[in-house]
1. Local charge sum around PHE97 (other residues, Cβ-Cβ under 12 Å, Lys/Arg +1, Asp/Glu -1)?
2. On C-alpha positions alone, give me the angle between the axis of helix 115-124 and the longest principal axis of the chain, in degrees, nearest 10.
3. Okay, which of region 130-150 sit inside 17 Å, backbone N to the point 7 Å along the Cα-Cβ direction of GLN162?
4. Taking R0 as 45 Å, what FRET efficiency do you get between THR82 and ARG183 from their Cβ-Cβ distance, rounded to the nearest 0.05?
5. Helix 77-90: angle to the longest alpha-carbon principal axis of the chain, degrees 0 to 90, nearest 10?
6. Using R₀ = 30 Å, calculate the FRET efficiency as 1/(1 + (r/R₀)^6) where r is the Cβ-Cβ separation of GLU176 and TYR124; round to 0.05.
7. What number, in percent, do you get for the relative contact order of region 82-183 if the mean sequence gap of Cα pairs under 8 Å and at least 6 apart is divided by its residue count?
8. Please give the helix 47-56 orientation as an angle from the longest Cα principal axis of the chain, in degrees from 0 to 90, rounded to the nearest 10.
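Derivation of every value follows stated rules applied to the coordinates shown; laboratory data play no part. Keep in mind that what you see is a predicted model, and the values were worked out from it rather than measured. Cβ sites come from the backbone with ideal geometry, for glycine too, and all protein chains shown count toward neighbours.
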Amino acid sequence: MGIRAVTNVHRRAVFLDRDGVLNRAIVREGKPYPPRSVAELQIMPDALEALTALKAAGFLLIGITNQPDVARGLQRREVVETINAALLATLPLTDIFVCYHDDRDHCDCRKPLPGLLLQAARKYGVTLSDSIMIGDRWRDVEAGRRAGCGTVLLDYGYAERQAENPPDCTVDSLSEAAVWILR
């Protein structure tokens, strides 16, 4: 029996929140909401170019999204899955991980907890310390921090709570986030 060489592969990922990062959030009274249908889905204008550059640099691109309106009875799971399928068909994403719970469910996958990032890391062999989480809300930044990732906040000035722990980088667009990551 021969000796097999064991290689330790470090896979890097950029984890991306969905609404507000990959697609435009619907902002009402200063707060972001997901699109209610594929007809309302608007992919961010710089998403394809930014993600293509990150993928070319060797990053896996994985969506990480809370969709609590399903648990609240305000959205159907099939609609969320249809929106995700449209994003996967248009952008160079590897996968999208979804938490369908609300805070009252006390799950470990709802951001700011890192459960979705940990699931994705296990599935794809991602080294979290070599990875980045990009989001537009404090929950995204905190989930990335708790998972051991670098963090980037797309700051749209929402009228809501800010992160207790500041992100590693704050920018105005996904393109700027990609430039910072690729440096």
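1. +3
2. Here the helix axis deviates by roughly 40 degrees.
3. Backbone N within reach: 135-142.
4. 0.80
5. Around 60 degrees separate the two axes.
6. Calculated transfer efficiency: 0.70.
7. The value is 18 percent.
8. For helix 47-56, the angle is close to 10 degrees.
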